[in-house]
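The values are calculated or read from the model by the stated rules, or taken from the named source; none is laboratory data. Nothing here was measured: the structure is a model prediction, and the numbers come from that model. Quick reminder, even Gly has a Cβ in these numbers, built from the backbone with ideal geometry, and neighbours come from all protein chains shown.
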């Protein structure tokens, strides 16, 4: 099998496993990974029944970033690939620059996918990106979901999902294929800036670990992410079963949700925590300000016995336990007229995942 056949086989298998068909929007930065994804998908269009479209979002974080947009546009024109590009408007405030740029990029991609009638947005994250992400999560403190790393498929809305077909392919294999096919790509100079944590992991810490601890550390991290993902799937499944049996219907007007806690006293805390996260997301509440302290406090209420108790949570949410029922409401008024046992203040979450 040639270099070309090997890469295309891996890419084809990943796309088929994710059941990708029809119109696909490729997010093209111009870097090696996204160019390989774009050109590989173009070569597989007929055999897989897909139709490739491309999009480029200029984050406007570098003085010369507009050149990337022009370069990608020319590449798509040369290969007759439908293309849309956008440059991010200048932002006055300097805080959360990368986070805001990422949000704007995904919003742009989602709109572009709808405009092109694409069910799929394909991103160029590789196996190396997965290893770096898991290591980053470990070092800053994370949960099981953080150890699971980057998901291969994630729904954005009812019409569109993200897919990462290169997630099982190493960056070295990708660049070898590009050279074999005489394809060029753009190098982002910020990818060498070791003042950024991700680059420090890539260019300093991981090479040190490979040299002095484990030459196969990347594979070990990827295996860990796969194992964590299976655990997360089991937790999600168990939490969904609980949701069907313990959430009480017919809440009063000032109550958002009520939970019958009696069946939960022997349920492992990890499953209860996932149940609460699932319920929280279902209610449409943001998780950014909810720390592990808050989840622990809520879990303890689910398995409580004795006198009434409660906790104040971020977003003006009040959790009250009384007579084996946990009540979640936006009002801080207590349903039994008694003060809460204590309140947990919103803090910076120790777990960013």
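Scanning segment 237-258 for residues that are in contact (Cβ under 8 Å) with a residue 60 or more places away in the chain, loosely packed, with under 15 Cβ neighbours inside 10 Å and part of a helix (DSSP H, G or I) turns up nothing. A single member of 51, 93, 43 is modelled with pLDDT under 95 and more than 23 Å from the chain's Cα centre (by Cα), and it is 93. When residue 281 is tested against (1) assigned to a loop (DSSP other than H, G, I, E, B); (2) at pLDDT below 90; (3) closer than 30 Å to residue 151 by Cα, only condition (1) is not met.
Within segment 315-331, which residues are in contact with a helix residue (DSSP H, G or I) (Cβ under 6 Å, 6 or more places away or on another chain), within 10 Å of residue 305 (Cα to Cα) and not in a loop (DSSP other than H, G, I, E, B)? Once the filter is applied, which keeps residues that are in contact with a helix residue (DSSP H, G or I) (Cβ under 6 Å, 6 or more places away or on another chain), within 10 Å of residue 305 (Cα to Cα) and not in a loop (DSSP other than H, G, I, E, B), segment 315-331 yields only 321. For segment 18-47, a tally of residues being assigned to a helix (DSSP H, G or I) and touching a strand residue (DSSP E or B) at 6+ places or on another chain (Cβ under 9 Å) returns 6. Before we move on, is residue 233 assigned to a helix (DSSP H, G or I), within 20 Å of the chain's Cα centre (by Cα) and at pLDDT 90 or above? Yes: the conditions hold for residue 233. Out of curiosity, is residue 117 surrounded by fewer than 20 Cβ atoms within 10 Å (Cβ to Cβ), in contact with a strand residue (DSSP E or B) (Cβ under 8 Å, 6 or more places away or on another chain) and on the phi > 0 side of the Ramachandran plot? Yes: the conditions hold for residue 117.
Restricting 101, 32, 14, 36 to residues that are within 21 Å of the chain's Cα centre (by Cα) and either modelled with pLDDT of 95 or more or not assigned by TED's automatic domain parsing to the domain that holds residue 190 (or both) narrows the list to 14. Residues of segment 259-278 being surrounded by 16 or more Cβ atoms within 10 Å (Cβ to Cβ), in a loop (DSSP other than H, G, I, E, B) and free of Cβ contacts under 8 Å to residues at least 40 places away in the same chain, which ones? Of everything in segment 259-278, just one residue is surrounded by 16 or more Cβ atoms within 10 Å (Cβ to Cβ), in a loop (DSSP other than H, G, I, E, B) and free of Cβ contacts under 8 Å to residues at least 40 places away in the same chain, namely 267.
Candidates 308, 286: the one that is surrounded by fewer than 18 Cβ atoms within 10 Å (Cβ to Cβ) and more than 28 Å from the chain's Cα centre (by Cα) is 308. Taken over segment 70-79, the criterion of being surrounded by fewer than 19 Cβ atoms within 10 Å (Cβ to Cβ) and under 18 Å from residue 113 (Cα atoms) is satisfied by 73 alone.
Residue-by-condition table, conditions (1) surrounded by 13 or more Cβ atoms within 10 Å (Cβ to Cβ); (2) in the same structural domain as residue 220 (by TED's automatic domain parsing); (3) over 21 Å from residue 71 (Cβ atoms):
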| residue | (1), (2), (3) |
| --- | --- |
| 144 | yes, yes, yes |
| 147 | yes, yes, yes |
| 152 | yes, yes, yes |
| 155 | no, yes, yes |
| 171 | yes, yes, no |
| 181 | yes, yes, no |
| 189 | no, yes, no |
| 196 | yes, yes, yes |
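Checked against (1) touching a helix residue (DSSP H, G or I) at 6+ places or on another chain (Cβ under 9 Å); (2) farther than 21 Å from residue 29 by Cα, residue 121 meets all criteria but (2).
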